């Protein structure tokens with residue numbers, strides 16, 4: 001039997017097992033799910049030495065394969081990160097369980113009651129790269145929301161992911177749940193991804209977490225619905241009615257608090273009436289941090305060390321200490337720039353004018369739109385979701401940070417007492 005047939009058989013088996021487990025999970029009480037999660041957290045802590053040992057194998061292989069320092073850092077596990085992994089699971093335990101919640105229940109003229117019940121999506125396939133902690137995070141979020149999960153981590157973290165998978169299986173067993181509730185794909189063959197994203201009979205949704213190449217591949221090849229964002233080209237617009245101190249603090253934090261995240265500002269838009277007041281001060285702060293500035297002609301006239309921005313810069317997710325700056329005429333010009341160049345992730349306006357702020361909120365079409373706040377707040381934890389499986393820039397079925405509720409759907413329920421339609 002050739003390798004491709006083996007992969008197909010293996011993935012179908014995982015799918016069948018996940019589908020069966022999802023049906024059992026749909027009726028599982030919160031207490032049982034929480035018991036499993038707490039046991040998983042305990043297992044992760046108790047297996048710290050084993051996790052670090054297995055992670056060392058991945059780190060050694062990564063160094064041998066030429067992974068850069070940033071990727072090796074994302075890959076590494078240490079006692080602090082393992083403790084944080086366990087604590088993250090315990091925080092999910094503390095979150096309210098949305099499954100079974102009934103809303104909008106009302107009587108109709110016929111006498112029936114009609115409402116909506118929140119239910120799990122079913123089976124969630126998650127494809128991710130580098131960070132092994134995603135294995136624990138994704139498993140916990142899916143389990144709490146009543147979904148079975150099939151997880152496919154990157155080959156660079158294969159040993160780490162399988163070690164974490166053993167902790168997850170241990171916790172599921174202790175709670176009396178089938179270990180198939182969470183399955184971590186064992187093979188590193190890329191064909192497994194191709195099969196996972198084309199199994200609508202067994203998988204209800206795919207969540208890709210990783211680089212643009214991975215997400216583009218999944219989006220183009222999947223026959224299963226995908227919750228995704230390709231990249232984060234985020235903007236801050238400083239309006240002419242902005243408080244200068246607020247504007248400087250927000251624009252500086254949005255870019256420099258962390259460079260390699262999808263909610264980091266990549267383009268700064270500044271109203272022409274305030275540019276002379278704001279840009280020189282910001283340029284000094286950015287230069288002190290080593291941020292390379294690329295600007296339009298008007299920006300270059302104010303910031304002497306800004307290099308000329310190209311047309312490609314306005315669409316670039318740098319994930320690096322590089323920032324594009326454009327001076328705009330007014331809020332309409334800023335909104336139009338966002339329409340043309342935003343990735344639909346996060347945009348923020350700095351203004352003291354409520355009318356202008358409300359227009360920006362209404363007309364900018366992104367998953368998060370902010371007033372007088374750093375784009376770095378576009379995060380599930382900061383939004384009070386407890387944790388997130390990712391950030392969606394799609395419009396169906398969920399948008400923005402995807403927490404536990406985002407991993408559920410709703411169905412209509414009807415309550416009657418022998419009612420018939422006449």
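The values are calculated or read from the model by the stated rules, or taken from the named source; none is laboratory data. Computed from a prediction, not measured in an experiment: that's the story for all the values here. No Cβ is skipped: glycine too gets one built from the backbone with ideal geometry, and neighbour counts run over all protein chains shown.
None of 14, 25, 37, 59 is modelled with pLDDT of 95 or more, closer than 30 Å to residue 202 by Cβ, in a helix (DSSP H, G or I) and more than 24 Å from the chain's Cα centre (by Cα) except 14.
Here the condition is being under 24 Å from residue 387 (Cβ atoms), assigned by TED's automatic domain parsing to the domain that holds residue 179 and surrounded by fewer than 17 Cβ atoms within 10 Å (Cβ to Cβ); of 21, 41, 84, it holds for 84 alone.
Report whether or not residue 219 is in contact with a strand residue (DSSP E or B) (Cβ under 9 Å, 6 or more places away or on another chain), in a helix (DSSP H, G or I) and surrounded by fewer than 17 Cβ atoms within 10 Å (Cβ to Cβ). When the stated conditions are applied, residue 219 passes them.
Residues in region 230-254 that are surrounded by 22 or more Cβ atoms within 10 Å (Cβ to Cβ) and touching a strand residue (DSSP E or B) at 6+ places or on another chain (Cβ under 6 Å): how many? Lay out the reasoning, then the answer.
We begin by selecting, within region 230-254, every residue surrounded by 22 or more Cβ atoms within 10 Å (Cβ to Cβ); these are 232-239, 242, 247, 250-251, 254.
Those still in the list that are touching a strand residue (DSSP E or B) at 6+ places or on another chain (Cβ under 6 Å) too: 233-239, 242, 247, 250-251, 254.
Residues flagged as surrounded by 22 or more Cβ atoms within 10 Å (Cβ to Cβ) and touching a strand residue (DSSP E or B) at 6+ places or on another chain (Cβ under 6 Å) within region 230-254 amount to 12.
Is there a residue in region 399-411 that is in a helix (DSSP H, G or I), in the same structural domain as residue 266 (by TED's automatic domain parsing) and surrounded by 18 or more Cβ atoms within 10 Å (Cβ to Cβ)? No, because not a single residue in region 399-411 is in a helix (DSSP H, G or I), in the same structural domain as residue 266 (by TED's automatic domain parsing) and surrounded by 18 or more Cβ atoms within 10 Å (Cβ to Cβ).
Take residue 156 and decide whether it is farther than 21 Å from residue 48 by Cα and surrounded by fewer than 24 Cβ atoms within 10 Å (Cβ to Cβ). Taking the combined requirement at face value, the residue does not satisfy it. On the given criteria, is residue 70 assigned by TED's automatic domain parsing to the domain that holds residue 152, in a helix (DSSP H, G or I), exposed (fewer than 14 other Cβ atoms within 10 Å of the Cβ) and in contact (Cβ under 8 Å) with a residue 40 or more places away in the chain? Judged against the criteria, residue 70 is a match. Scanning region 255-278 for residues being surrounded by 20 or more Cβ atoms within 10 Å (Cβ to Cβ) and under 26 Å from residue 216 (Cα atoms) gives a total of 7. Consider region 375-396 and keep the residues that are assigned to a loop (DSSP other than H, G, I, E, B) and touching a strand residue (DSSP E or B) at 6+ places or on another chain (Cβ under 7 Å). The one that is surrounded by the fewest Cβ atoms within 10 Å (Cβ to Cβ) is 383. Filtered by the rule that a residue be in a helix (DSSP H, G or I) and closer than 12 Å to residue 239 by Cβ, region 331-357 gives 331, 332, 333, 334, 335, 354, 355, 356, 357.
Scanning region 73-90 for residues that are part of a helix (DSSP H, G or I) and under 22 Å from residue 171 (Cβ atoms) yields a count of 12.
Scanning region 287-309 for residues that are free of Cβ contacts under 8 Å to residues at least 24 places away in the same chain, surrounded by fewer than 19 Cβ atoms within 10 Å (Cβ to Cβ) and not in a helix (DSSP H, G or I) yields 304, 305, 307, 308.
So residue 362 ticks every box in (1) in contact (Cβ under 8 Å) with a residue 12 or more places away in the chain; (2) under 26 Å from the mean Cα position of the chain (by Cα) but one. Which box is left unticked? Condition not satisfied by residue 362: (1). What residue, of 49, 130, 145, 110, is within 18 Å of the chain's Cα centre (by Cα), in the same structural domain as residue 407 (by TED's automatic domain parsing) and at pLDDT 95 or above? After applying the criteria, what remains is 145.
Of the residues making up region 91-121, just one is surrounded by fewer than 18 Cβ atoms within 10 Å (Cβ to Cβ) and assigned to a helix (DSSP H, G or I), namely 91.
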